[in-house]
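See structure below.
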Amino acid sequence: MVDVAKKVRKQGGGFLHPGEEVLAATVINPVGTFKKNVAFGAVGGLVGAAVGSAIAKKGEEPGSGTAAEAFPLAKSSLLALTDNRWLLFELGTVSGKIKDLAAEWPHAHITSITGDKARLTTAITVEFADGSTLGVEAVKGVRPQDLIEAAAAL
């Protein structure tokens, strides 16, 4: 399994404040990304893309003007929790390396993170201080449970 928090310390260290400690992190994607990628790989080409789109779960659209709607989720993002704040990094789609800091928030901005484990992925629900929620997913190998547990301990 990948230690995503270590990745933040190494590749994203320039975005951390002096003395800031990374508590946990995981790579997140829009809901349905994993199924879509599997279908594309299994069938390939345009047919795979069509099959993948058809079987991808459709998450609920966040309400207009909410924190969930404003959450800058990219095709591949990394959500990290530090002792001071939440960080959202944009990842390179091919390299998987941290490209940029997409957003940062105080702890109070995200009130909870919960997960529903499946065999290969965890469906994650991010709840914001304004009551809005956002569904994302993470594959098992990037240790989403570490982030869920660290968030619960705040």
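Tabulated values for the structure
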{"item": "Highest-first arrangement of 70-77, 91-98, 129-136, 141-148, where packing means the average Cβ count within 10 Å", "result": "141-148, 129-136, 70-77, 91-98"}
{"item": "Summed residue charge, Cβ within 12 Å of Ala67's Cβ, Lys/Arg positive, Asp/Glu negative", "result": "-3"}
{"item": "Glu149-Ser64 FRET efficiency (beta carbon distance; Förster radius 35 Å; 0.05 resolution)", "result": "0.60"}
{"item": "Cα-derived Rg to Rh of segment 89-129, Kirkwood definition", "result": "1.08"}
{"item": "Calculated from backbone phi, Karplus (6.51, -1.76, 1.60) coupling profile of segment 20-32 in Hz, x at Gly/Pro", "result": "6, 10, 7, 8, 6, 7, 8, 8, 10, 9, x, 4, x"}
{"item": "Whole-angstrom gap from segment 1-20 to segment 70-106, using each part's C-alpha centre", "result": "11 Å"}
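Each value in this text was obtained by applying a stated rule to the coordinates, not by laboratory testing. Just so it is clear, the structure is predicted and the values come from calculations on it, not from any experiment. Here Cβ is always computed from backbone atoms with ideal geometry, including for glycine, and neighbour counts include all displayed protein chains.
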